[in-house]
Amino acid sequence: QVQFVESGGGLVQPGGSLRLSCAASGIAFSMYAMAWYRQAPGKQRELVATITNGGTTNYADSVKGRFTISRDNAKNAVYLQMNSLKPEDTAVYFCNAQLFLQSLWGQGTQVTVSS
């Protein structure tokens, strides 16, 4: 059974930091490209960051220089370190696993940036 457990979301003040985690089970994790997406109220889901199974990363322009995606294949986990958070980063953040035509999603974790 495929399962993703996301954690690390919460309420943080502007300029603060959070680290999101996504632990996967039921898949050959090291083979998958992993990504974080986010969806703000009333907006479409958008890609935040990706990391290939080889470790190559890519970021949305809006988070470049502030967010870092990483993975630990030994722990079947992907992370998103978020620094210098802004109110516009407020959204539900989802982890995603992609292999060929298969796309798997976590349940999401809420991140709220507000003073």
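The values are calculated or read from the model by the stated rules, or taken from the named source; none is laboratory data. All values reported here derive from a predicted model rather than from experimental measurement. Note that each Cβ is placed from the backbone with ideal geometry, even for glycine, and that neighbours are counted across all protein chains shown. Keep in mind that these areas ignore ligands, DNA and RNA; they rest on the heavy atoms of the full protein, side chains included. Shrake-Rupley method; radii C 1.70, N 1.55, O 1.52, S 1.80 Å.
Considering each of Ser114, Ser103 in turn, give the residue that is touching a Leu at 6+ places or on another chain (Cβ under 9 Å) and either acidic (Asp, Glu) or open to solvent by 10 Å² or more (accessible area, probe 1.4 Å) (or both).
Working: Ser103 fails: touching a Leu at 6+ places or on another chain (Cβ under 9 Å).
Unique residue meeting the criteria: Ser114.
Report yes if some residue within region 71-83 is hydrophobic (A, V, I, L, M, F, W, C), more than 16 Å from Gly108 (Cα to Cα) and open to solvent by 50 Å² or more (accessible area, probe 1.4 Å); otherwise report no. Break it down into steps so the answer makes sense when it comes.
Going residue by residue through region 71-83, those that are hydrophobic (A, V, I, L, M, F, W, C) are 74, 77-78, 80, 82.
Cutting the leftovers down to more than 16 Å from Gly108 (Cα to Cα) gives us 74.
Right, trim to open to solvent by 50 Å² or more (accessible area, probe 1.4 Å) and you get 74.
The answer is yes; a qualifying residue exists.
Counting only residues that are open to solvent by 40 Å² or more (accessible area, probe 1.4 Å) and farther than 21 Å from Leu104 by Cα, how many does region 36-67 have?
So the count comes out to 6.
When region 1-24 is examined, which residues are found to be of a type in the set (Ser, Thr, Tyr) and open to solvent by 50 Å² or more (accessible area, probe 1.4 Å)?
Taking region 1-24 and keeping what is of a type in the set (Ser, Thr, Tyr), we get 7, 17, 21.
Those that are of a type in the set (Ser, Thr, Tyr) and open to solvent by 50 Å² or more (accessible area, probe 1.4 Å): Ser7, Ser17.
Going by the conditions given, is Ala49 out of contact with any strand residue (DSSP E or B) (no Cβ under 6 Å at 6 or more places or on another chain) and hydrophobic (A, V, I, L, M, F, W, C)?
Numbers: out of contact with any strand residue (DSSP E or B) (no Cβ under 6 Å at 6 or more places or on another chain): no; hydrophobic (A, V, I, L, M, F, W, C): yes.
Judged against the criteria, Ala49 is not a match.
Which of the strands (runs of 3 or more DSSP E) contained wholly in region 1-81 include at least 1 residues that are of a type in the set (A, V, I, L, M)? Can you show your working first?
Values: elements: 3-7, 10-12, 18-25, 33-39, 46-51, 57-59, 67-72.
Output list reads 3-7, 10-12, 18-25, 33-39, 46-51, 67-72.
If I go through region 84-98 residue by residue, how many of them are in a strand (DSSP E or B), farther than 15 Å from Gly42 by Cα and open to solvent by less than 40 Å² (accessible area, probe 1.4 Å)? Steps first, please.
Quick first cut of region 84-98, residues in a strand (DSSP E or B) only: 91-98.
Checking the rest, the ones that are also farther than 15 Å from Gly42 by Cα come to 94-98.
The next check asks that each one be open to solvent by less than 40 Å² (accessible area, probe 1.4 Å); those that pass are 94-97.
Count: 4.
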